[in-house]
1. Assess whether residue 119 counts as being buried (at least 16 other Cβ atoms within 10 Å of the Cβ) and modelled with pLDDT of 85 or more.
2. Residues in region 61-82 that are aliphatic (A, V, I, L, M) and modelled with pLDDT under 65: how many?
3. Against the definition (in a loop (DSSP other than H, G, I, E, B), surrounded by fewer than 15 Cβ atoms within 10 Å (Cβ to Cβ), at pLDDT 80 or above and among the aliphatic types (A, V, I, L, M)), how does residue 144 come out, yes or no?
4. Among the residues of region 97-116, write down those that are without any contact (Cβ under 8 Å) to a residue 40 or more places away in the chain and surrounded by 13 or more Cβ atoms within 10 Å (Cβ to Cβ).
5. Determine whether residue 155 is at pLDDT below 95, closer than 18 Å to residue 69 by Cβ and outside any strand (DSSP E or B).
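The values are calculated or read from the model by the stated rules, or taken from the named source; none is laboratory data. Just so you know, these numbers come straight off a predicted model, no measurement behind them. Here the Cβ positions follow ideal geometry from the backbone for every residue, glycine too, while neighbour counts run over all protein chains shown.
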Amino acid sequence: MKKMIYIIIGLIIVGTLCVLVYMRYITKHSPSIIGGGYDQAMAAESAKRSGSKEVSPVFYKELKIISTYEVIGAEGGLNEGSGRVIAFNKNTDKLIWETIVYTVDYDSAEEKDVQDVYITKLSIENDKLIVIDELNRRHELNPLTGENETFPPYTD
């Protein structure tokens, strides 16, 4: 009798797992059966930006220069993002300088990820570090100091 109870409990557990797996499959592959909520969620998810594309570092004299984007102050109350450029000694990886090239002030009525402006290209031209962002703005920096030599500097 105990064996029969264990078999029935086992069958119930296996059956429940099968139903859960099947429901997950149906939800992903036939969302209209469940009411279309999955379609709306997928559309909203695909509208979000995936972040910055990787930008190749630039090497100048003894420096390796990279770009990054940082959102500032979710906890601190500030509401902005910044395109940054960071220089390291290419042999020791010691930080030499870090510069905020531009800031993005977020509009609270819009999602932040669609307002972000990423750096798309770094290059060296005539002993200047050239930083291009997604808005095709050209920023010129001194590659040895990180000083922004774009006049006037871009602001959002």
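1. The answer is yes for residue 119.
2. 4
3. Spelling it out, it is not the case that residue 144 is in a loop (DSSP other than H, G, I, E, B), surrounded by fewer than 15 Cβ atoms within 10 Å (Cβ to Cβ), at pLDDT 80 or above and among the aliphatic types (A, V, I, L, M).
4. Of everything in region 97-116, those that are without any contact (Cβ under 8 Å) to a residue 40 or more places away in the chain and surrounded by 13 or more Cβ atoms within 10 Å (Cβ to Cβ) turn out to be 100, 106, 115.
5. It is true that residue 155 is at pLDDT below 95, closer than 18 Å to residue 69 by Cβ and outside any strand (DSSP E or B).
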